[in-house]
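A quick write-up on the structure given underneath.
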Amino acid sequence: MKTESRIQQEIVIWFRNNYCTKLKKTRCAIFSVPNERKNQKEMMSMIATGLMSGVSDLVVLLPGKVLFVEVKTESGKQQPKQIEFEKTVKYLGFDYFVVRSLDEFKLLIDGSNLDQ
């Protein structure tokens with residue numbers, strides 16, 4: 001079984017090298033939100049500069065859309081802070097998705113008519 005990190009890498013590589021480039025959507029963007037630290041001092045510094053527990057793994061910027069994407073393995077479950085963040089995102093009118101593979105992400109991007 002692939003790790004969340006490996007699935008996320010596949011998603012970012014595909015989006016940047018295929019979706020944006022082949023479809024001439026170079027102004028689209030995908031980026032990660034590194035919200036985990038091992039060192040307590042580093043963690044405190046990151047919290048002071050805006051680190052927020054539960055934020056989605058990826059943010060995808062498309063024309064007129066912002067997608068928040070949480071990456072999980074087949075058996076992975078959202079943590080309570082991630083569920084809180086999802087509720088906030090949806091309350092504010094944005095899209096939030098949990099994906100478990102590159103194929104699920106592709107379906108999300110290709111099949112959802114997101115380029116309005």
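Coordinate-derived values only; no laboratory data. Bear in mind that the values here come from a model prediction, so they are computed numbers and not experimental data. Backbone-built Cβ (ideal geometry, glycine too); neighbour counts: all protein chains shown.
Available extension along the chain between Phe31 and Gln78 is 14.9 nm, counting 0.36 nm per residue and deducting the alpha carbon span. Here the Karplus curve 6.51 cos²θ - 1.76 cosθ + 1.60, taken at θ = phi - 60°, turns the phi angles of the stretch 44-50 into couplings of 4, 5, 5, 4, 5, 9, x Hz, with x standing for Gly and Pro.
A full extension of the chain between Met1 and Met46 corresponds to an added length of 13.1 nm, given 0.36 nm per residue minus the alpha carbon distance.
Entry note, the chain: relative contact order of 26 percent, from Cα contacts under 8 Å with a spacing of 6+ residues.
Under the combined filter of DSSP loop state and at most 16 neighbouring Cβ atoms within 10 Å, the stretch 1-91 retains these GluC sites (Glu not before Pro): Glu36, Glu74. Which pairs in the list Lys41/Lys87; Lys2/Lys77; Lys77/Lys106 are over 19 Å apart, alpha-carbon to alpha-carbon? The answer is Lys41/Lys87; Lys77/Lys106. Between 0 and 90 degrees, the angle of helix 102-111 with respect to the longest Cα principal axis of the chain falls at about 50 degrees.
The charge dipole of the chain, taken about its Cα centre with unit charges on the Cβ of Lys, Arg, Asp and Glu (plus for the first two, minus for the last two), comes to roughly 260 debye. In this structure, the amide hydrogen of Phe97, modeled 1.01 Å from its nitrogen in the peptide plane, lies closer than 5 angstrom to those of Phe68, Val69, Glu70, counting only residues at least 5 positions away or on a different chain. Restricting the trypsin sites (Lys or Arg not before Pro) of the stretch 53-116 to loop positions (DSSP other than H, G, I, E, B) with no more than 13 neighbouring Cβ atoms within 10 Å leaves Lys77. Would you indicate which of (i) 14.7, 44; (ii) 12.7, 34; (iii) 15.8, 56 is the value of Rg and Dmax of the Cα atoms in Å derived from the coordinates of this structure? Computing Rg and Dmax of the Cα atoms in Å and matching it to (i) 14.7, 44; (ii) 12.7, 34; (iii) 15.8, 56 gives (i).
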